[in-house]
Protein chains: 2
Amino acid sequence: MFPPERYQSGMSQTETKRYHHGDLRNALLRAGMEIIERDGLARLSLRALAAAVGVSHTAPKNHFGSMKGLVTAIGAQGFRKFAAEMRNGLTQASTRKERLHAATLGYVRFAQGHPELFKIMFSPDHCDREDTAFKDAAQESYRVLIEISEGLAWDKSEAPNAQKRTEIMLWSFVHGYATLLNAGRIDDRADGAPPPGILDIMPDFGYLDR
Amino acid sequence: MFPPERYQSGMSQTETKRYHHGDLRNALLRAGMEIIERDGLARLSLRALAAAVGVSHTAPKNHFGSMKGLVTAIGAQGFRKFAAEMRNGLTQASTRKERLHAATLGYVRFAQGHPELFKIMFSPDHCDREDTAFKDAAQESYRVLIEISEGLAWDKSEAPNAQKRTEIMLWSFVHGYATLLNAGRIDDRADGAPPPGILDIMPDFGYLDR
DNA sequence: CACTGTATATTTCCATTGGAAAGTTATACG
DNA sequence: CGTATAACTTTCCAATGGAAATATACAGTG
């Protein structure tokens, strides 16, 4: 952070400290996200966070209730970034296959670029899945998956939930790859060769022409 | 636990407490596993664990070094059970397809039956992946995956790592499914219908006749 | 403007936790 | 028998999340 410890937005450095922060909720979210992305969730404490923003360690409770509430809010932000990352590049893709590949690469790219955040987002231990904002943000991401798999012809059966099966099949595959990669379970095969990229092992989903 | 709190194996109840436990390492492993499976990792504390076994809260340090060392040892045990679960039923399978399905079902069954343990086993935050015993146990599980995917003809290319691609493809798929299922991400689709089983969405891997 | 309720933030206090350090007891081995 | 070492205990500490009571700012309302 640029101005040292107890600086607060809108407060000149000579000016005496304000009682009200003014934008504490957002400041906590930003600082919390920063700590998580840089040092990992294990290093995030309410006290360190509060200190970074210049408030007492119980101040976050007003806005987030508890540690879990804070992390849930950060996780929700994560899901919004996640959806954006997947949608990014989707516009330039013209064919269904290109769109599938773009979204898939976005999924993995986000997971690798934000490993701690990614982990938190999918961990019910850390995020409250009943939280409305969180649910909405997660749904926003899931919608991308739905849109992508709508064009796929992988499951040709007539059963009513064929579409759903396709979604879960695709999701399982991509999510598993990203998770194993982040857990260091893929790249440490003995031969030292680089691990296959996700497109190298993508199952053939087939594409509807319509 | 049957005999109350401070009982130690081989100690009659009237007898005064022994200084040396005798089999502390295994007792801690068993009690730790029990707590994790029943109450989750979050509820496991060195103090509670030590109390359950009847020793001081610093006693575990002699055998495991730290909390992470203890959890790593439990994770290793998990991987051994995991391999056994996958191999179980494998013997009765005659065809390659049956073997694939049996192992896959074993993977998911273990994950669902031991959600906390499964989570820990694949979390570098909780298990030390450099630990020798842990690595060996994990490898034991991975070997099952290798054996299974050796019979698959999914990746027909001649490239030298085609076999490896098949393994990772299969692993990603199964692991993703199990992970998402345990995270409650699959079964809570709106329509209330039961989620597809893993065999319902298994990609077609094809089988070598040899 | 004064008054008051409510949101925001602080201070103080507490139980719990993992671990470090030093001391105690048993065991193994010469 | 005696001594090194392994196995445990006791004591101490800093860090953490949170509860409770208090202080400060602010937004309406009369």
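Scanning the range B:49-98 for residues that are out of contact with any helix residue (DSSP H, G or I) (no Cβ under 7 Å at 6 or more places or on another chain) and within 16 Å of DNA strand D (Cβ to nearest atom) returns B:51, B:54, B:58, B:61, B:62, B:65, B:66, B:69. Considering the range A:23-47, the residues that are within 8 Å of DNA strand D (Cβ to nearest atom) and surrounded by 15 or more Cβ atoms within 10 Å (Cβ to Cβ) include one that is farthest from the other protein chains (Cβ to nearest Cβ), namely A:46. Within the range B:153-168, the set of residues being in contact (Cβ under 8 Å) with a residue 24 or more places away in the chain and not in a loop (DSSP other than H, G, I, E, B) comprises B:166 only. When the residues of the range B:48-66 are filtered to those that are in a loop (DSSP other than H, G, I, E, B) and either in contact with a Phe, Trp or Tyr (Cβ under 8 Å, 6 or more places away or on another chain) or more than 9 Å from DNA strand C (Cβ to nearest atom) (or both), the one that is nearest to the other protein chains (Cβ to nearest Cβ) is B:59. Selection within the range B:127-141: residues that are in a helix (DSSP H, G or I) and not small (Gly, Ala, Ser). The member of this set that is surrounded by the fewest Cβ atoms within 10 Å (Cβ to Cβ) is B:132.
If you go through the range A:152-186 and keep only what is touching a Ser or Thr at 6+ places or on another chain (Cβ under 9 Å) and farther than 21 Å from residue A:122 by Cα, you end up with A:152, A:153, A:154, A:155, A:163. Within the range A:96-126, being in a loop (DSSP other than H, G, I, E, B) and either free of Cβ contacts under 8 Å to residues at least 40 places away in the same chain or within 10 Å of the chain's Cα centre (by Cα) (or both) holds for A:114, A:122, A:123, A:124, A:125. Number of residues in the range B:115-130 that are more than 10 Å from chain A (Cβ to nearest Cβ) and among the aromatic types (Phe, Trp, Tyr) equals 1. Checked against (1) at the interface with chain B (Cβ under 9 Å from one of its Cβ atoms); (2) of a type in the set (Ser, Thr, Tyr); (3) within 17 Å of residue A:99 (Cα to Cα), residue A:177 meets all criteria but (3).
Looking at B:28, B:49, B:41, which one is under 16 Å from the mean Cα position of the chain (by Cα) and either modelled with pLDDT of 95 or more or farther than 20 Å from residue B:118 by Cα (or both)? From the options B:28, B:49, B:41, the qualifying one is B:41. If we scan the range B:183-197, do we find a residue that is surrounded by 15 or more Cβ atoms within 10 Å (Cβ to Cβ) and in a helix (DSSP H, G or I)? No, every residue in the range B:183-197 fails to be surrounded by 15 or more Cβ atoms within 10 Å (Cβ to Cβ) and in a helix (DSSP H, G or I). Would the range B:67-76 turn up any residue that is closer than 25 Å to residue B:186 by Cα, assigned to a helix (DSSP H, G or I) and hydroxyl-bearing (Ser, Thr, Tyr)? For the range B:67-76, residues closer than 25 Å to residue B:186 by Cα, assigned to a helix (DSSP H, G or I) and hydroxyl-bearing (Ser, Thr, Tyr): absent. Regarding residue A:154, is this residue within 13 Å of chain B (Cβ to nearest Cβ) and touching a Gly at 6+ places or on another chain (Cβ under 6 Å)? Spelling it out, residue A:154 is indeed within 13 Å of chain B (Cβ to nearest Cβ) and touching a Gly at 6+ places or on another chain (Cβ under 6 Å). Just one residue in the set B:168, B:201 is under 25 Å from residue A:140 (Cα atoms) and facing another protein chain (nearest Cβ under 7 Å); that residue is B:201. Among the candidates B:140, B:147, the residue that is in contact with a helix residue (DSSP H, G or I) (Cβ under 7 Å, 6 or more places away or on another chain), more than 8 Å from chain A (Cβ to nearest Cβ) and more than 26 Å from residue A:122 (Cβ to Cβ) is uniquely B:140. Residue A:72 falls short of the stated requirement of being of a type in the set (S, T, N, Q) and over 30 Å from residue B:193 (Cα atoms).
The values are calculated or read from the model by the stated rules, or taken from the named source; none is laboratory data. This structure is a prediction, so every number in the text was calculated from the model and none was measured. Note that each Cβ is placed from the backbone with ideal geometry, even for glycine, and that neighbours are counted across all protein chains shown.
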